[in-house]
Amino acid sequence: MLARSTPQTVSPACQPLSVQIAGVAVVIEGLSLELRQRLCELLRPFVTACSDEYADVRFEVKRVPKHTGWIIVQNGEVRQSIQDAEKLLSYLEWCVVAQALEVTSTHAVFHAAALTYGDATVVLAAESGAGKTTLTTSLILRGWLPLADDISLVRLPTLEVQPFPRCFHTDDFTSSNITTPSLFERPGALAGYMRPHTWAPTPSRPTCIIRLERDTHSDSAAYPLTRAEAAGYLFAASIGNLARRASAVRVAVAVATSAQSCWHVNNNRLSETVGLLEQIAATASADATG
Amino acid sequence: MLHEDFPRRRPDVETHVLPDGTCLLFDPLALQGHALSAVGALVWDYCDGTVSRAEITNEVGSLLPEVPQLRDEVIQLLDRFASDGLLVAVSGESRRA
C-alpha cells in the first residue's frame, strides 16, 4: 500500500536499456540512472547497444506525482505497481526474461537446469523446490560448467542447449552451501541474486536427461527411465502457450531419443545426489569419447 | 467530505497483490472476494483518502494518454469500490491541503 506523505518529485529518466534474449528484443525505459545501472548489471549478458526504436517487448517504468512507487506499463498496458526499489528490480529481471521467452520463436523453453561435465551435457528437469539451483551451484563448485539454472533454452532446429547466463535466484540454504564464493558474482547488489563467472562456452546437445525430484522420505537414488518417460517429463517441464507446447512435444521427443541415458533421480541428500550425477555424467562422457 | 470525493479504502479489507500485478481484495465483513486487474490494483493503491477522484483519474489516465478509455475505467473502478462497500468516509481535515 502507498505510504503517501508529500507529492514526490519525479526525477528525469535516463536512456532506455535494450536487451536481447533468445532472439527477442526487449526495451526498458523510464528508469532512474541508479536503477538502470543495477538492472543493467543483473541483465548484463543480454544487454545490447541496439537502438531502442524497435522492440518486440517494451516496458515503460513510470512515476507520477501522487504515487510513491513505480508503475510498469508493458506494450501499452498497466502491468504492475510496485513500492519498493528492490522488488522493482526483481520484478523487471523476471518479467523481462519471462516475456522474451513467451514470444521467442528460435528456442524451445524448459523449466530445467543444464550443465556440462567433460563431454556430457546433463539436463535436470524438475519442478520448483526439487533442488535445481542448489544442485547446480554444488556441481559448479566441483568443476561442472553451467548452461542454465532454472530455465533451459533448446535451440531450434539443432536441439542444442543454449548457454543462458541469467542470474541464479538463491535462498539462504543454497547460498550457505557455496564454499567458493569467488566463483560467483553478485550483480546489481540485489539480495538472493548471483551469477557464475564461468559458463559453458558453446551450445551442446543433451546427452543425459534427468528427471529430478525431491522425496525426503527416500534416499537419494537414480533409476533408469525409458525414452518415452523422459520425453514425457521433459514435455511436462516445457514453458509457453499452447502453440509453443505443440512444438515442445517434438523437441522433447527428439531430445530424449537422442540422449545417451535418461534417469529419474531422487534428491534427498545433496552430497549423495551430486555423487550420483557425477557417475551418470562420467559414464555418458566415457561413452561419448569411446 | 464523502468517500466519493476522496476515496479511502476500509482498513479491514485485506489486499493480496499477485505476481502478475492483479490483486485480490477480501472483505471480512461481507466474506466476499473481489478480483482486480492491474489497473484496478493501481487505483486501489491510490485510495488512502488523500487523493481526490479527479486526481486519481487524471494521474492514472496520464500513464497511457493514447488510451482515452482508461479514464472511464478508473471512474468505473472507483464507483465499483464504493458500491461494493470497500471504501469509508473521510473527513475534510484528514486530507492533504
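The values are calculated or read from the model by the stated rules, or taken from the named source; none is laboratory data. In this text the structure is predicted, and so the values were computed from the model without any measurement. FYI the Cβ positions are ideal-geometry reconstructions off the backbone, even for glycines, and counts take in every protein chain you see. These accessible areas exclude ligands, DNA and RNA; they are computed on the full protein's heavy atoms, side chains included. Shrake-Rupley method; radii C 1.70, N 1.55, O 1.52, S 1.80 Å.
Structure summary
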| quantity | calculated |
| --- | --- |
| Computed over chain B: relative contact order in percent, which uses C-alpha pairs under 8 Å that are six or more apart | 38 percent |
| Of A:THR136, A:THR216, A:THR226, the one that fluctuates the most in a GNM where chain A has Cα springs shorter than 10 Å | A:THR216 |
| Check: chain A dipole with +1 on Lys, Arg Cβ and -1 on Asp, Glu Cβ, in debye | 460 debye |
| Two-decimal Rg to Rh for region B:6-91 - Kirkwood Rh, Cα set | 0.96 |
| GNM top mover of A:VAL253, A:VAL78, A:VAL161 - chain A, alpha-carbon springs below 10 Å | A:VAL78 |
| Point-to-point label distance, B:SER62-B:ASP20, nm (Cα→Cβ direction, 7 Å offset) | 3.0 nm |
| Threshold 30 Å² - residues in region A:76-93 whose accessible area is reduced by that much or more when the chain is no longer isolated, probe 1.4 Å | A:GLY76, A:VAL78, A:ARG79, A:GLN80, A:SER81 |
| The protein assembly as shown, accessible surface, carbon-and-sulfur percent (1.4 angstrom probe) | 53 percent |
| Estimated inter-spin distance, B:GLN76 and A:ALA236, nm [label 7 Å along Cα→Cβ] | 4.1 nm |
| Of A:SER258, A:PHE164, B:GLY61, farthest towards positive along the dipole that unit charges on Lys, Arg, Asp, Glu beta carbons give the protein assembly as shown | A:SER258 |
| Over region A:158-290, relative contact order from alpha-carbon pairs under 8 Å, at least 6 apart, % | 28 percent |
| Other protein chain Cβ atoms within 10 Å, averaged over every residue that makes up B:57-69 | 3 |
| Interface area, B with A, accessible, probe 1.4 Å, both sides summed, Å² nearest 100 | 1900 Å² |
| For chain A, built as a Gaussian network whose Cα springs stay under 10 Å, the top-fluctuating residue of A:ALA112, A:ALA228, A:ALA236 | A:ALA228 |
| Over chain A, relative contact order from alpha-carbon pairs under 8 Å, at least 6 apart, % | 17 percent |
| Full-stretch length increase - A:ARG227, A:VAL103 - with 0.36 nm per residue and alpha-carbon distance subtracted | 41.8 nm |
| Spherically averaged projected area of the protein assembly as shown from its Cα convex hull (nm²) | 21.9 nm² |
